[in-house]
Amino acid sequence: MDALDQALDEARARYVAARPRSAEAQAEAARWLPGGNTRTVLWFDPFPFRAARAWDCYLEDVDGHVYVDLLGEYTAGLFGHSDPVIRETVTATLADGISFGAHNTHEAGLAAEVCRRFASMERVRFTNSGTEANLMAVAAARAATGREALLVFDGAYHGGLLSFAHGPSPVNAPYPVVLGTYNDVEDVERLFAEHGDRLAAVLVEPMLGSGGCIPGDPVFLQRLRDLADAHGALLVFDEVMTSRLSPGGLQALLGIRPDLTTLGKYVGGGMSFGAFGGRADVMALFDPSSGHALPHAGTFNNNVLSMAAGLAGLTRVLTPDVQQALNDRGDRLRSGLEQVFRAAGAPFCATGCGSIVGVHATPGPVRTVADAGAADDRLAELFFLDLLECGWYLARRGFVALSLRVTDAHVDDVVATVARLLAERAPLWEQPA
Ligand code: PLP
């Protein structure tokens, strides 16, 4: 066993010893849920702690540990755990009844606000998740073009049924896909030359989120726009994660107008949410008043909690100034981490954009999925467990999405903690002279 294995074993043992109640809850849950889990991404070894309550940007587990929540519910928790406007809105909405089975007075307001913010979204429809939003966008593109295949990218994540994290997932929806290499212009030119006439859509995250917070190269993304136009395919931007990066999403920062866009996460104010929208002519395919529309079903598509909380969040909380400050804070975190990684000579780097930050256990730079794949998973796990022990919660894979409740002081504090941990762990990567 080498020194890193030993450090990891000790960190895991400390984690387990400090969490007897979580261990008990895990054992009980595993009697009913496979692995005690109902959302794969939340799993980590030895077992995930059980959160008992949350407020502002804090989480407390059933064993009484309090963590600063830097994970921000994988971007859905942008408003934090107890935003007063969201709470008031939800409470007031509940007072008028929960589920109507009818059009309500909230949905058009949220639709108007979404279309106002995201310029390419001339019309929008709501779903219950980002996964569903992407499935519907794909369905729209296939119906609009009369073609079947999709161009997607290795390392991309568009939901549980459209995941290409390590090639296509075995549980993916059975669409014919052409798998490209993210940020590789020559590769997509070749793929369009070969398959362009059968592609309904290019489905792409303008920054790979789950795939390592790898920003799309603007030249690459613009080339996708041009190639989609030249070959009659639709360009679909999956902005389920990246829409938070400016009031108009990452597409506004890039100056690229996709045909369709998908949203999710925070846009529902922290309630379950998804949306797909874009060109009015394509979205008109779903207009039931036309008499020959494509169906778009979903019992909870217009549920009053998501509609009302989403509208309140976008209009009363996430003003452009607040959104800018949040993304500036993310930039501060990323550059702070980069500085301490370099100063410590530690084999880590930070990626991302604005309030979304990725930490990789490799010196980097990480510009491609292959670069991210070069990370040392044992070091990544140790980094995660060390930070958890110090009271900081991020995703096991090194993913951070700041909420509005995380302050500059939190950011400076976690950067200082990382600097201290790296100094302690330096013998693991420093070669003896
Ligand atoms: N698309 C992207 C880019 C995502 O990051 C996610 C979720 O993490 C999804 C789609 C799926 O969204 P949901 O989990 O709401 O189904």
Original post:
Can you give me the Cα centroid spacing of the range 278-326 and the range 353-426 in angstrom?
Top reply: 33 Å
Original post:
Which shape class, rounded, prolate or oblate, goes with the range 84-317 when its Cα gyration tensor gives a ≥ b ≥ c as root eigenvalues, a/c under 1.5 marks rounded, and past that a/b bigger than b/c marks prolate?
Top reply: prolate
Subject >> Rounded if a/c under 1.5, otherwise prolate or oblate - the range 230-316, Cα gyration tensor axes >> reply: oblate
**OP:** Counting only heavy atoms of the protein chains, get the accessible area per residue of the range 1-57 (1.4 Å probe) and round it to a whole Å² value.
**Re:** 62 Å²
Subject >> Cα gyration tensor shape of the range 59-204, rounded if a/c is under 1.5, else prolate or oblate by comparing a/b with b/c >> reply: oblate
Original post:
Using alpha carbons only, how many degrees (0 to 90, rounded to 10) separate the axis of helix 20-29 from the longest principal axis of the chain?
Top reply: 40 degrees
Original post:
Amide H to amide H, which residues 5 or more places from A52 or on other chains are under 5 Å from it, using H placed in the peptide plane?
Top reply: E60, D61, V62
Original post:
Going by accessible area, probe 1.4 Å, with all protein chains left in place, what is the ranking of D197, D5, largest first?
Top reply: D197, D5
**OP:** Please give the peptides 372-378, 350-356, 99-105 ranked by average Cβ packing (other Cβ atoms within 10 Å per residue), highest first, as a rough proxy for protection.
**Re:** 350-356, 372-378, 99-105
Subject >> Accessible area per residue, Å², the range 84-317 with all protein chains present, probe 1.4 Å >> reply: 40 Å²
Subject >> Environment charge at M136 (Cβ cut-off 11 Å; Lys +1, Arg +1, Asp -1, Glu -1) >> reply: +1
Original post:
Using the alpha-carbon atoms, what tilt in degrees (0 to 90, nearest 10) does helix 377-389 show relative to the longest principal axis of the chain?
Top reply: 80 degrees
**OP:** Just the number, please: carbon plus sulfur as a percent of the accessible area of the range 84-317, 1.4 Å probe, no ligands or DNA/RNA counted.
**Re:** 56 percent
Subject >> Centre separation in Å (Cα based) which lies between the range 46-101 and the range 163-235 >> reply: 34 Å
Original post:
If you average over every viewing direction, what projected area does the convex hull of the Cα atoms of the chain give, in nm²?
Top reply: 22.1 nm²
Original post:
Which angle from 0 to 90°, rounded to the nearest 10, does the C-alpha axis of helix 185-195 make with the longest principal axis of the chain?
Top reply: 40 degrees
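The values are calculated or read from the model by the stated rules, or taken from the named source; none is laboratory data. Nothing here was measured: the structure is a model prediction, and the numbers come from that model. Please note: Cβ atoms are built from the backbone with ideal geometry, for glycine as well, and neighbour counts cover all protein chains shown. Surface areas here come from the heavy atoms of the whole protein model, side chains and all, with no ligands, DNA or RNA. Shrake-Rupley method; radii C 1.70, N 1.55, O 1.52, S 1.80 Å.
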